[in-house]
Amino acid sequence: MSAYHKASKIVKPKLKLLQVKAAELKVAEDQLASAQAELKAVIEKKAQLDALYAEKQEIKDRMQAEANKLKRKMD
């Protein structure tokens, strides 16, 4: 009985600390999941913008080539 009492004095605070840390871990994991979802949305948006930029850049290059061609023709 004495050994149990001594052991419980050591173990009980550690169990309470474990519960506190487990709750903190749950909060941190929830924040991480939220941040990862936000990051995924930002990455998808960036991919869309990159595709749009490439499309517009191609249009600009074609227009520039056409403008140069017309300029040479005028000269």
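FYI, it's all coordinate maths here, none of it is from the lab. Since this is a predicted model, take the numbers as computed values, not measurements. When we count neighbours, we look across all protein chains shown, and the Cβ atoms used for this are built from the backbone with ideal geometry, even at glycine.
A few points about this structure:
- Excluding same-chain neighbours fewer than eight residues apart, the lysines reachable from Lys60 by a Cα-Cα span under 24 Å are Lys45, Lys46, Lys69, Lys71, Lys73.
- Added length on full extension, which subtracts the Cα-Cα distance from 0.36 nm per residue, Lys45 to Glu24: 4.4 nm
- Label point distance in nm, Glu38-His5, each placed 7 Å from Cα along Cα→Cβ: 5.3
- Estimated FRET transfer efficiency (Asp75, Tyr53; beta-carbon r; R0 35 Å; 0.05): 0.60
- Dipole check for the chain: with +1 at the C-beta of Lys and Arg, -1 at the C-beta of Asp and Glu, and the Cα centre as origin, the magnitude is about 480 Debye.
- Set against the labelled values [x] 11.0, 33; [y] 28.8, 81; [z] 31.9, 107, Rg and Dmax of the Cα atoms in Å computed from this structure falls on [z].
- Of the residues Ala65, His5, Leu49, the one whose Cα sits farthest towards the positive end of the charge dipole of the chain is His5 (charges of +1 on Lys and Arg Cβ, -1 on Asp and Glu Cβ, taken about the Cα centre).
- Between 0 and 90 degrees, the angle of helix 2-74 with respect to the longest Cα principal axis of the chain falls at about 0 degrees.
- Each stretch of four or more DSSP H residues adds -39500 (n - 2.57); spread over every residue of the chain, this sum gives -37000 deg cm²/dmol at 222 nm.
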